[in-house]
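See structure below.
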Amino acid sequence: MNWGEFFAMKGYGFYVWGSYGVALLIFIVEIALVRHKRTITLQQLRLLRDAEKGEEGAT
Amino acid sequence: MAINWFKYSAPSTFYELAGKLAPWFAWSAGILFSIGLYIGFFVAPTDAQQSEAYRIIFIHVPSSIMSMFVYLIMAGYAAVGLIFNTRLSSMMASALAPTGALFAFISLWTGALWGKPMWGAWWVWDARLTSELILLFLYFGFIALHASIDDPRRADRASALLAIIGSVNVPIIYFSVKWWNTLHQGSTVKFTGTSMHVAMQQAMFITLAACWLYAIAMALARVRSIILERERNTLWVAELPEVRS
């Protein structure tokens, strides 16, 4: 079996790779979103802390 | 052996534990996916009726099973949070919802790409397909309802109720191929055994295990951000090294 034949999937290539491709894309996007969410959350926590420090300094 | 399990029901200790466990689950998921798909594509033979198109099974079946299991676990956590008023359980329910929704979507998407060459239609209003679509909408409903209420504890209670009522749909999906005359084929793997080739079975069970590990990794990673957000006014969050820096 050569690679051309393998990717052709006996004419079902579009359906098979369309399934796995989109599933893989979804997994990658989900991992990226979870990581992004963590970065944003930590940033917000630091901003919150700095804002509180600023208030303490003002009073 | 005395492990104090209640220790880990405190968000502060669970935050740390989840951070340690998530990478292990993620990497083992990746390894199992590779092994499962290797067997699925290079060891498992061509199907006599469905030719090579059947290979969609190694992502379609695991993600369909996961979409149902994740829903039940989510509803279980939500129910525990509702009954015992435990914050962490409600946070786990929120952390599971997006992953479950994505599995439901993958199930429908790969199903459409399988239905077109086998049935000649991307979509039919068949009992199995329709109930799976309702499952996806239940996930959306859970996420949207939770997001629409400002007070997180009230949001937990309202969405828990939705999750619990919606869990009626899961057995409907599972038994739909028996109860109704569906275009969707019946279960190939039964408790009494299966007619499947052994390599096909192995590939399917390994990719299913990979999906389990993936879902756990995602839920653990996501719940850490939820914990930080909802515990932001506590001392332990303020003292975390990643927050102090």
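The values are calculated or read from the model by the stated rules, or taken from the named source; none is laboratory data. If you're wondering where the values come from, they're calculated on a predicted model, not measured in any experiment. Note that each Cβ is placed from the backbone with ideal geometry, even for glycine, and that neighbours are counted across all protein chains shown. Side chains included, ligands, DNA and RNA excluded: accessible areas come from the protein's heavy atoms. Shrake-Rupley method; radii C 1.70, N 1.55, O 1.52, S 1.80 Å.
For region B:1-81, report the convex hull volume of the alpha-carbon atoms normalised per residue, in Å³, without decimals.
Values: hull volume 11.8 nm³, N = 81.
For region B:1-81, the hull spanned by Cα atoms encloses 146 Å³ per residue.
Just the accessible area per residue of chain A, please: how many Å² with a 1.4 Å probe? Mind showing how you got there, number by number?
Numbers: 4120 Å² over 59 residues.
Result: 70 Å² per residue.
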Requested in this report: State the three equivalent ellipsoid semi-axes of the protein assembly as shown, derived from the C-alpha gyration tensor as the square roots of 5 times its eigenvalues, in descending order and whole Å.
Outcome: 40, 22, 18
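Between B:VAL198 and A:LYS10, how high is the FRET efficiency from 1/(1 + (r/R0)^6) when r is the Cβ-Cβ distance and R₀ = 22 Å? Nearest 0.05.
Numbers: r = 22 Å, r/R0 = 1.00.
So, using R0 = 22 Å, E works out to roughly 0.50.
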Query raised in the report: To the nearest 10 degrees, how steeply does helix B:11-38 sit against the main Cα axis of chain B, on a 0 to 90 scale?
Result: 20
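Under the Kirkwood approximation applied to all pairs of distinct alpha-carbon atoms, what is the hydrodynamic radius of chain A in Å? Intermediate results must be reported in sequence, preceding the final value.
Working: mean 1/r = 0.0646 Å⁻¹.
15.5 Å is the Kirkwood radius here.
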Query - Segments B:8-15, B:134-141 sorted - mean Cβ within 10 Å per residue, highest first - result: B:134-141, B:8-15
Query - B:PHE140-B:ALA112 pseudo-label distance in nm [points 7 Å out on the Cα-to-Cβ vector] - result: 1.2
**Report entry** 14 Å reach of a label modelled at A:ARG49, 7 Å along Cα-to-Cβ, counting backbone N of region B:205-245
**Finding:** B:228-229, B:232-245
Requested in this report: Go through A:PHE7, A:PHE14 and list them by solvent-accessible area, largest first, probe radius 1.4 Å.
Outcome: A:PHE14, A:PHE7
Requested in this report: Determine which residues of region B:213-227 fall in the zone a paramagnetic label at B:ALA10 would reach in this model, i.e. backbone nitrogen under 17 Å from the point 7 Å along Cα→Cβ.
Outcome: B:227
Query raised in the report: With each pseudo-label sitting 7 Å past Cα toward Cβ, what's the A:ILE26-B:SER34 distance in nm, one decimal?
Result: 2.4
**Report entry** Signed unit charges on C-beta, dipole axis of chain A, positive-most listed residue A:GLY21, A:GLY11, A:LEU42
**Finding:** A:GLY11
Query raised in the report: Using Cα atoms only, what is the angle between the long axis of helix B:87-119 and the major principal axis of chain B, expressed in degrees (0 to 90) to the nearest 10?
Result: 20
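Quick one: dipole size for region B:31-148, taken about the Cα centre, charges +1 on Lys/Arg Cβ and -1 on Asp/Glu Cβ, in debye to the nearest 20.
On the way: 4 positive and 4 negative charges, 44 e Å.
Approximately 200 debye in magnitude.
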Report task. Would you tally the net charge around B:SER245, using a Cβ to Cβ cut-off of less than 13 Å, leaving B:SER245 out, and scoring K and R as +1, D and E as -1? Result -> 0
Query raised in the report: Using θ = phi - 60° and the Karplus form 6.51 cos²θ - 1.76 cosθ + 1.60, what ³J(HN,Hα) does each residue of region B:144-153 get, whole Hz, x for Gly and Pro?
Result: 5, 5, 4, 6, 7, 10, 5, 6, x, 5
Query raised in the report: Once the Cα atoms of helix A:13-58 and of chain A are each reduced to a long axis, what angle between those two axes, in degrees from 0 to 90 to the nearest 10, is obtained?
Result: 0
Report summary line: B:ALA48 and B:ILE149 label points (each 7 Å along its Cα→Cβ direction) are spaced in nm at 5.5
Query raised in the report: Given R₀ = 22 Å, FRET efficiency for B:LEU133-B:VAL168 by Cβ-Cβ distance, to 0.05?
Result: 0.90
Query - Intensity falloff of region B:12-165 expressed as log10 I(q)/I(0), Debye formula with alpha-carbon point scatterers, at q = 0.10, 0.16, 0.20 Å⁻¹ - result: -0.47, -0.97, -1.21
